[in-house]
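Engineer: A single structure is presented below for examination.
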Amino acid sequence: MSPNESTASGPSLDHPAFKLIKGQFPGKKFKGTEFRGCSTLIVEKADLHGVLAFLKSDPRADFNFLVDIAYADYLNYPSPTIGRFALIYCLMNHSRDERFYVKVFMDASLPTEGIVDDPALHVPTVTDLWPGAEWMEREAFDMVGIRFDGHPDLRRILTWESYPAHPLRKDYPLRGRGERDMYKVLDRTSA
């Protein structure tokens, strides 16, 4: 564990949201990190929706805006991680002009090649908290294959419905698996 990382039962980090969450969820284990002024809380999948709902609704936290849902594939990452895939929720409190990140890790339980509905890659949707999360969740589903339980319209958003894989997974070939072979190559003179 690095000096700027702690567990919820360990040394306190500076951001006030860490103390709020520790008080609200006393029996839960969390990890927290701070790096270059960015505070991140690492939660378990089972606690994700509850923590996000608390951070939005509690007036002491009041993270009323979901800026983004990012995702990462840590396949072959040089240092060990908790899981291969991660979702990172960027929250913002407008009145304090403050950001806070919530991260959840997942490990695939089935082979990740092609389209696989892996039960380990399911998380609850946050569209009930922030309706604007709908398209962000659809992008994460389309690009890396994470499914959001309870999502009102979970379908591909950047590729076509019959696309054979999730293209931002690190085990996906850079040139694709032949999806482009059927298209005519255009050069400057024919465009």
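Engineer: Against the condition of a type in the set (Phe, Trp, Tyr), in contact (Cβ under 8 Å) with a residue 24 or more places away in the chain and surrounded by fewer than 18 Cβ atoms within 10 Å (Cβ to Cβ), how does residue 100 come out, does it pass?
Structural biologist: no
Engineer: Ok, one more. Tell me which residues, restricted to region 41-72, are over 18 Å from residue 94 (Cβ atoms) and outside any helix (DSSP H, G or I).
Structural biologist: Matches in region 41-72: 41, 42, 43, 44, 69, 70, 71, 72.
Engineer: For region 73-97, enumerate the residues that are acidic (Asp, Glu) and either touching a residue at least 24 places away in the same chain (Cβ under 8 Å) or closer than 21 Å to residue 125 by Cα (or both).
Structural biologist: 73
Engineer: Whether any residue in region 79-87 is of a type in the set (Lys, Arg), closer than 22 Å to residue 47 by Cα and touching a Leu at 6+ places or on another chain (Cβ under 8 Å) is what I want to check. Write out each step before concluding.
Structural biologist: Our first condition is that a residue be of a type in the set (Lys, Arg); within region 79-87, this holds for 84.
With closer than 22 Å to residue 47 by Cα added as a condition, the list becomes 84.
Checking the rest, the ones that are also touching a Leu at 6+ places or on another chain (Cβ under 8 Å) come to 84.
Within region 79-87 (the criterion being of a type in the set (Lys, Arg), closer than 22 Å to residue 47 by Cα and touching a Leu at 6+ places or on another chain (Cβ under 8 Å)), the answer is yes, since at least one residue qualifies.
Engineer: Looking at 140, 108, which one is over 18 Å from residue 43 (Cβ atoms) and surrounded by 13 or more Cβ atoms within 10 Å (Cβ to Cβ)?
Structural biologist: Details: 140 fails: over 18 Å from residue 43 (Cβ atoms).
Unique residue meeting the criteria: 108.
Engineer: Which of the residues spanning region 38-63 are more than 21 Å from residue 148 (Cβ to Cβ) and either free of Cβ contacts under 8 Å to residues at least 40 places away in the same chain or charged (D, E, K, R) (or both)?
Structural biologist: Within region 38-63, 58, 59, 60, 62 qualify.
Engineer: Okay, next question. Restricting to region 2-55, what's the tally of residues that are within 15 Å of residue 98 (Cα to Cα), buried (at least 18 other Cβ atoms within 10 Å of the Cβ) and either touching a His at 6+ places or on another chain (Cβ under 7 Å) or modelled with pLDDT of 90 or more (or both)?
Structural biologist: Of the residues in that region, 6 qualify.
Engineer: Which residue, of 97, 118, is more than 20 Å from residue 49 (Cβ to Cβ), modelled with pLDDT under 95 and of a type in the set (D, E, K, R)?
Structural biologist: 97
Engineer: Oh, and also: Which condition from (1) of a type in the set (Ser, Thr, Tyr); (2) under 23 Å from residue 169 (Cα atoms); (3) over 12 Å from the mean Cα position of the chain (by Cα); (4) crowded, with 17+ Cβ neighbours inside 10 Å is the one that residue 71 breaks?
Structural biologist: So the condition that residue 71 fails would be (3).
The values are calculated or read from the model by the stated rules, or taken from the named source; none is laboratory data. Treat the numbers as computed from the prediction; the structure is a model and nothing was measured. So basically every Cβ, Gly included, is an ideal-geometry build from the backbone, and we count neighbours across all protein chains shown.
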